[in-house]
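Taking it in order: structure first as structure tokens, then the write-up.
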Amino acid sequence: MALKLFLYALLLLAFASAGTAIFFWHMAFRPNVTAGNAVTADFYIPTGSDMEKVKGLLKEDDLISNSSTFKWTAARKNYHNNVHPGRYRLTDGMSNNDLVNLLRSGNQTPVNLVFISHRTVGDIAAAVARQIEADSACIAELAFDEKFLETIGFDTAGVPGLFIPNTYQLYWNTSPRQFYLRMKREYDRFWEGERDEKRKKLGLERAEVSTLASIVSEETAMVDEMPVIAGVYLNRLQRGMRLQADPTVKYALGDFTVNRILRVDLGVDSPYNTYLYGGLPPGPITIPPVQAIDAVLNAQKHDYLYFSAREDFSGYHRFARTLAEHNRNARLYQNALNQRRVFR
């Protein structure tokens, strides 16, 4: 009789163990992640989130079928003490166990951050903030933080040159300061080597190349013409002539939509007005594209000192060695503007 009771007890224990195992499997190892019609889905955990916030976001984004089983598994794996913000790539059919292991590891998937040659730092900040967690206002504010900029070797006038348009891999929860520090590393990497050697031969600092490149890029969108225009400005600088670059007047006016620079515009008192002040302006007037930077570094050698937009509005320019020749070219373009009734 005692043996029977013992065997019954063992049987009950076996059933209980099996039941417990099935329960644990159901809670932790049964598929729970749903990526919709895709194989994977990106999940974002904001900075400062706790386990409840994560559970809520997973449910809100329809990424898990059962939030209770996720919470049960997360609690037993001590996830509440290991919540890491970031971007995580979830696979359809993941179990709670795999999901929690991924999230608590902090092994997030980087973002491919892309930005082009925007006009202002504010535009860059807006473009970056659309791709990472940081707020655009916080990114832009650092461009005016003189103490911080000093630590990375820039000032408020020169900071547009810090940003080299490209695609960069970084984490979604990168802070504004971390973003600037990363851009400084990329900036140094961009310049070191051949580009530094070329700009030294020109007798220019990195910041001066960026400033000139920003003017060149505003003068023409034709990449094949950029080295020619860069050569004109370098010739003028070497001769001690004022650059007299119309884009710098637009910058001084605060209006890049102006289609025609008037005589009265040339008198605007600004260090960026290269009709009034000699040399390069204090800093870039836009975020210079790489093509324009390389155009300055590989400027065409010639003896042109002037250029004027072609009257066919092709985007190309007529180049001149003398002021008389330039004035004839300029009149052709001015007449074309008059015919089109473009007076501003």
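Read the figures in this text as sums done on the coordinates, not as results from a lab. Here the structure is a predicted model, which is why all the values come from computation and not from measurement. Here the Cβ is made from the backbone with ideal geometry for all residues, glycine too, and neighbour counts use every protein chain on show.
What to note about this one:
- Under the combined filter of DSSP loop state and at most 11 neighbouring Cβ atoms within 10 Å, region 205-267 retains these trypsin sites (Lys or Arg not before Pro): R239.
- Computed over every Cα-Cα pair of region 26-105 and binned at 10 Å starting from 0, the pair-distance distribution P(r) comes out as 21, 62, 18, 0 percent.
- Relative contact order of region 26-105, pairs being alpha-carbon contacts under 8 Å that are 6 or more residues apart, as %: 50
- Distance (nanometres) between label positions extended 7 Å along Cα→Cβ at D224 and N166: 2.8
- In this rough spin-label picture, where each label sits 7 Å from Cα along the Cβ direction, the V258-D145 distance is 3.4 nm.
- Cβ-derived FRET efficiency at R0 45 Å, N101 paired with T156, nearest 0.05: 0.50
- Filter on K147/K250; K250/K301; K200/K301; K201/K301; K147/K184 - keep pairs with C-alpha separation over 20 Å: K147/K250; K250/K301
- Karplus-derived HN-Hα couplings along region 229-242 (A = 6.51, B = -1.76, C = 1.60, θ = phi - 60°), whole Hz, x at Gly and Pro: 5, 4, x, 4, 5, 5, 4, 5, 4, 5, 8, x, 8, 5
- FRET efficiency, 1/(1 + (r/R0)^6) with R0 51 Å, evaluated for N338 and C138 via beta carbons: 0.60
- 3J(HN,Hα) from dihedral phi, region 145-161, Karplus parametrisation 6.51/-1.76/1.60, rounded to Hz, x for glycine, proline: 8, 4, 5, 5, 4, 4, 5, 10, x, 10, 10, 5, 6, x, 4, x, x
- Per-residue Cβ neighbour rank within 10 angstrom, fewest leading, E52, E208, E194: E194, E52, E208
- Under 25 Å of direct C-alpha separation, and excluding same-chain neighbours fewer than eight residues apart, K59 reaches these lysines: K71, K77.
- Pairwise Cα inverse-distance average, inverted: Kirkwood Rh of the chain (Å): 24.6
- Using C-alpha pairs below 8 Å separated by at least 6 residues, the relative contact order for region 194-339 is 28 percent.
- Derived scalar couplings ³J(HN,Hα) [region 84-97; Karplus, 6.51 cos²θ - 1.76 cosθ + 1.60; whole Hz; x for Gly, Pro]: 10, x, x, 10, 10, 9, 9, 9, 4, x, 4, 7, 4, 4
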